[in-house]
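This report concerns only the one structure given below.
The values are calculated or read from the model by the stated rules, or taken from the named source; none is laboratory data. Given the structure is predicted, the values throughout are model-derived calculations rather than measurements. Backbone-built Cβ (ideal geometry, glycine too); neighbour counts: all protein chains shown.
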Amino acid sequence: MKGILLIAFGLFSLGTFAQDCDGVVKECKRLLSSDFVSDGQVYTAFLDREKAEFRTTLYGGTTYRIATSAGTKDNYALFTIKDPDGHTLFSNRNYKNAPYWDFKVEESIPVIIETELDLDLKSSGCVVMMIGFKR
């Protein structure tokens, strides 16, 4: 009986996670707008007081938009872009947790993008990041 309850609880938890993340993906897609084309990836992490790290390469001469969401309020998610040596290139913390940032890359560079929740607003949940490039 305990095994059945444990399995049922696990399936319920996975269903809740999927529902939570599906809604957040929709919010994040809305932030890309029609001016930007997605790179085709949906970077998703379910966080509980921790950070997620994603690696990508940004190509020179391209204008990008990085968008993040962790729910219906735009300011739940924090993101920081770092170079390979760990130097911060941008953090939305410095801009009232802005849900997206538009920027142009002059030279190609590999980057690390950390996402996390603003623990003053939300301690756990799904964080979604999308990267788009200007049409």
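Restricting the stretch 60-98 to residues that are part of a loop (DSSP other than H, G, I, E, B) and of a type in the set (K, R) leaves a set whose member that is surrounded by the fewest Cβ atoms within 10 Å (Cβ to Cβ) is K96.
Scanning the stretch 101-122 for residues that are of a type outside the set (D, E, K, R) and within 19 Å of L47 (Cβ to Cβ) turns up I112, I113, T115, L117, L119, L121.
Can you find a residue that is modelled with pLDDT under 90, in a helix (DSSP H, G or I) and within 22 Å of A98 (Cβ to Cβ) anywhere in the stretch 6-21? Yes: the stretch 6-21 contains one or more residues that are modelled with pLDDT under 90, in a helix (DSSP H, G or I) and within 22 Å of A98 (Cβ to Cβ).
Given the structure, is Y76 at pLDDT below 95 and among the aromatic types (F, W, Y)? Please lay out each step first, then the result.
On the way: at pLDDT below 95: yes; among the aromatic types (F, W, Y): yes.
Yes: the conditions hold for Y76.
Within the stretch 45-73, count every residue that is farther than 15 Å from I112 by Cα, polar (S, T, N, Q) and in contact with a helix residue (DSSP H, G or I) (Cβ under 9 Å, 6 or more places away or on another chain). Residues meeting the conditions: 2.
Within the stretch 30-48, count every residue that is outside any strand (DSSP E or B) and more than 16 Å from Y76 (Cα to Cα). Of the residues in that region, 8 qualify.
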